[in-house]
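Here the structure is laid out as C-alpha cells; the discussion comes afterwards.
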Amino acid sequence: MSATTPASTLITNIGELMTQDLEHRVLKDAAVVFEGERISWIGSRHDAPSADEMVDAEGRAVLPGWVDSHSHLVFAGDRTAEFEARMAGQSYSAGGIAVTTGATRSVSDDELTRLVRDRVKEAVSQGTTYLESKTGYGLDVDNEARSARIAAAEVDEVTYLGAHLVPAGSDPEEYTDLVCGAMLDAVLPHVRWADVFCERGAFTEDQSRRVLTAARNAGLGLRVHGNQLGEGPGVALAVEFAAASVDHVNYLSDKDVAALAETWTGWDPTTGLGTKGTVATCLPACDLSTRQPLAPGRGLIDAGVQIALAANCNPGTSYTTSMAFCVTTAVLQMHLSVHEAVRAATYGGALALGREFGNDVDGERAVGSLAVGHRADLHMLKAPSATHLAYRPGIPLTHSVWRAGVRVV
Ligand SMILES: N=CN[C@@H](CCC(=O)O)C(=O)O
Ligand SMILES: [Zn+2]
C-alpha cells in the first residue's frame, strides 16, 4: 500500500451497487467499506461504519472491476491493412499471426514492455482490474519465453500460447514437439495456464491434444481457442481435458452445447461449491471485427453453461481493451440482460481464471464480485445504474476505479 493510501475507505451514497456475489445482490442506496485491499463491509448507507476516508458516490453506480480473462497484449505493430481488407469482404484467417510475430520479434525488451504496459493502462482506465494475457507472437523458444516473462511482470495471469500458429517453414509435427518440449520448459516459470488455437489453419485435434497433455503434465491449467471459424473439435477437447475455459465458441453444435452444460451439473451456482465445469468465453468485439456470427451467449446461459465475456485485445481480430463495449454488445446484440452481461464480464471472468469466491489461490483474494473478504476492485460509473452501459453505447462511463483497495483512476 502506498503511503498516501488510507487504512480504510468508505464509499457511500451509491445509487446502485451491483455486487455480482453468489446471491446476485443489487443494492440501492448502498455503501462499501474496504480496509487495505480487502472489502470489510457492504450494506445500506444508513448503517455504514465510519472509516479513515469517505468518498461520496453522489448516487452513481458501483460494480466489481472488469475481469478480462482473454487477451494477447504482448505484441508490436498493428494490422490495419488486414482489417481494411476484411471490412472490404476478405475473411479472417490465422495466417495474420505471422505478421505480428515478425513485428514482435523485431522490438527490444524495453519497447515490448512499454507496449504491454500502455495497453494495461488503457484497460485499467476503463475499469479493468484483473487481466490475463497470452503469449503467442514469439513462436520460438527465446521469444515465447521473453513474452511470458514480460507479461508476468505486467498482468495478473499469463497463458502460454506457443500453439498459436505453426511458423512458416516449420514442420507442424516438429513444431508441436517443440511447443510440448523445450518451449514449454522455457515459459514454465512465468505462466499459470496453457492454451491452444485448435482451428483449421492453426493446430489439428491431434496436435492440440498433444499440447494439452504436455501442459497438464507440467502442472498448468488449460484453456482452448475453439470453434471460432467453424464447427470443430475445440469444445469437445476442452471438455475432455476439463479445461477452465473454451474461448470464441462461435460455431457450436447442439452436442457441443450439451457437453458444456454437462460439465456444470456437479456445481452449485448458489454456493459456488462442487466441481466446476468449462466456462464458455465469448468475445463479441472479436466477432464483430472478424464478421463472424456472435457467440450464442444467450443459448449457452439458457442451457446452464457459465459464460465469460472478454475483450480479446490483439492486433488481428479485436484491437480493443474495452470491456464496456463487450458488455454493451452482449446486451444489445446477444440478448443478455445487463445483469447477465456485467456478471459475465466480472464473476464469469474470475470463474474462467479460477479466481472467484472460494477459490483464493496462493493467498490471493477473490476477484470479480463484491463481498466481505474479497479484493476491493471497484468500478464507479458516471451513471446511476449499470443499465447505462447498454443504454448509452459508446459513452465512456468510467468515473473511478480502485484496484486491491488503491484508487487507480
Ligand atoms: N484466434 C486466435 N488468436 C487471436 C487472434 C490472433 C491474431 O489474428 O493475431 C484471437 O483470439 O482472436
Ligand atoms: Zn485469443
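The values are calculated or read from the model by the stated rules, or taken from the named source; none is laboratory data. Quick caveat, the model's predicted, so the values are computed rather than measured. When we count neighbours, we look across all protein chains shown, and the Cβ atoms used for this are built from the backbone with ideal geometry, even at glycine. Areas reflect the complete protein model, heavy atoms only, side chains present, ligands, DNA and RNA absent. Shrake-Rupley method; radii C 1.70, N 1.55, O 1.52, S 1.80 Å.
Condition check for Leu283 on (1) more than 16 Å from ligand 1 (Cβ to nearest atom); (2) open to solvent by less than 40 Å² (accessible area, probe 1.4 Å); (3) in contact with a strand residue (DSSP E or B) (Cβ under 7 Å, 6 or more places away or on another chain): one failure, at (1).
The number of residues in the range 155-174 that are in a helix (DSSP H, G or I) and without any contact (Cβ under 8 Å) to a residue 24 or more places away in the chain comes to 1.
Within the range 202-214, is even one residue assigned to a loop (DSSP other than H, G, I, E, B), over 21 Å from the mean Cα position of the chain (by Cα), touching a residue at least 60 places away in the same chain (Cβ under 8 Å) and over 17 Å from Asp287 (Cα atoms)?
Scanning the range 202-214, I find at least one residue that is assigned to a loop (DSSP other than H, G, I, E, B), over 21 Å from the mean Cα position of the chain (by Cα), touching a residue at least 60 places away in the same chain (Cβ under 8 Å) and over 17 Å from Asp287 (Cα atoms), so the answer is yes.
Every condition in (1) of a type outside the set (S, T, N, Q); (2) without any contact (Cβ under 8 Å) to a residue 60 or more places away in the chain; (3) open to solvent by 50 Å² or more (accessible area, probe 1.4 Å); (4) farther than 30 Å from Val62 by Cα holds for Ala145 except the one numbered (3).
Name every residue in the range 258-282 that is closer than 15 Å to Arg298 by Cα, within 21 Å of the chain's Cα centre (by Cα) and free of Cβ contacts under 8 Å to residues at least 60 places away in the same chain, in order of residue number.
Within the range 258-282, Leu260, Ala261, Ala280 meet the criteria.
Has the range 33-41 got any residue that is over 23 Å from the mean Cα position of the chain (by Cα) and in a loop (DSSP other than H, G, I, E, B)?
Yes, because at least one residue in the range 33-41 is over 23 Å from the mean Cα position of the chain (by Cα) and in a loop (DSSP other than H, G, I, E, B).
The residues of the range 131-164 that are within 9 Å of Met183 (Cβ to Cβ) and away from ligand 1 (no atom under 16 Å from the Cβ), listed by number, are Asp140, Val141, Ala145. The selection criterion, being more than 14 Å from ligand 2 (Cβ to nearest atom), in the same structural domain as Ala163 (by TED's automatic domain parsing) and under 20 Å from Arg192 (Cβ atoms), holds for Leu220. Scan the range 334-345 and tell me whether some residue there is outside any helix (DSSP H, G or I), within 16 Å of ligand 2 (Cβ to nearest atom), open to solvent by 10 Å² or more (accessible area, probe 1.4 Å) and hydroxyl-bearing (Ser, Thr, Tyr). Checked the range 334-345: no residue is outside any helix (DSSP H, G or I), within 16 Å of ligand 2 (Cβ to nearest atom), open to solvent by 10 Å² or more (accessible area, probe 1.4 Å) and hydroxyl-bearing (Ser, Thr, Tyr).
Gly368 meets the stated requirement of being part of a loop (DSSP other than H, G, I, E, B), more than 20 Å from Gln333 (Cα to Cα) and modelled with pLDDT of 95 or more. From the residues in the range 232-270 that are acidic (Asp, Glu) and buried (at least 24 other Cβ atoms within 10 Å of the Cβ), which one is nearest to ligand 1 (Cβ to nearest atom)? The residue in question is Asp247.
Within 16 Å of ligand 2 (Cβ to nearest atom) and touching a Pro at 6+ places or on another chain (Cβ under 9 Å) - does that describe any residue in the range 139-147? Yes, because at least one residue in the range 139-147 is within 16 Å of ligand 2 (Cβ to nearest atom) and touching a Pro at 6+ places or on another chain (Cβ under 9 Å). Whenever a residue of the range 57-80 is surrounded by fewer than 20 Cβ atoms within 10 Å (Cβ to Cβ), its partners that are in a strand (DSSP E or B) and not aromatic (Phe, Trp, Tyr), lying with C-beta atoms within less than 9 angstrom and at least six residues away or across chains, give the pairs Glu58/Asn13; Glu58/Gly15; Gly59/Asn13; Gly59/Ile14; Gly59/Gly15; Gly59/Glu16; Gly59/Asp29. Answer with yes or no whether Leu229 is without any contact (Cβ under 8 Å) to a residue 40 or more places away in the chain, more than 30 Å from Asp21 (Cα to Cα), surrounded by fewer than 24 Cβ atoms within 10 Å (Cβ to Cβ) and out of contact with any strand residue (DSSP E or B) (no Cβ under 7 Å at 6 or more places or on another chain). No.
Among the residues of the range 220-257, the ones that are more than 20 Å from the chain's Cα centre (by Cα), within 23 Å of Asp68 (Cβ to Cβ) and among the small types (Gly, Ala, Ser) come to 0 in all. Within the range 1-60, the set of residues being small (Gly, Ala, Ser), under 23 Å from His339 (Cβ atoms) and touching a Leu at 6+ places or on another chain (Cβ under 8 Å) comprises Ala30, Ala31, Gly43, Ser44.
Does Leu188 satisfy being part of a helix (DSSP H, G or I), surrounded by fewer than 19 Cβ atoms within 10 Å (Cβ to Cβ) and either within 16 Å of ligand 2 (Cβ to nearest atom) or hydrophobic (A, V, I, L, M, F, W, C) (or both)? When the stated conditions are applied, Leu188 passes them.
The condition (being in contact with an Asp or Glu (Cβ under 7 Å, 6 or more places away or on another chain), modelled with pLDDT of 95 or more and farther than 22 Å from His70 by Cβ) is satisfied by just one residue among Ala186, Ala182: Ala186. Residues that are of a type in the set (Ser, Thr, Tyr) and open to solvent by 60 Å² or more (accessible area, probe 1.4 Å) were ranked within the range 81-124; the one that is nearest to the chain's Cα centre (by Cα) is Ser93.
Among the residues of the range 191-201, the one identified as of a type outside the set (Lys, Arg), part of a loop (DSSP other than H, G, I, E, B) and closer than 16 Å to Val235 by Cβ is Glu199.
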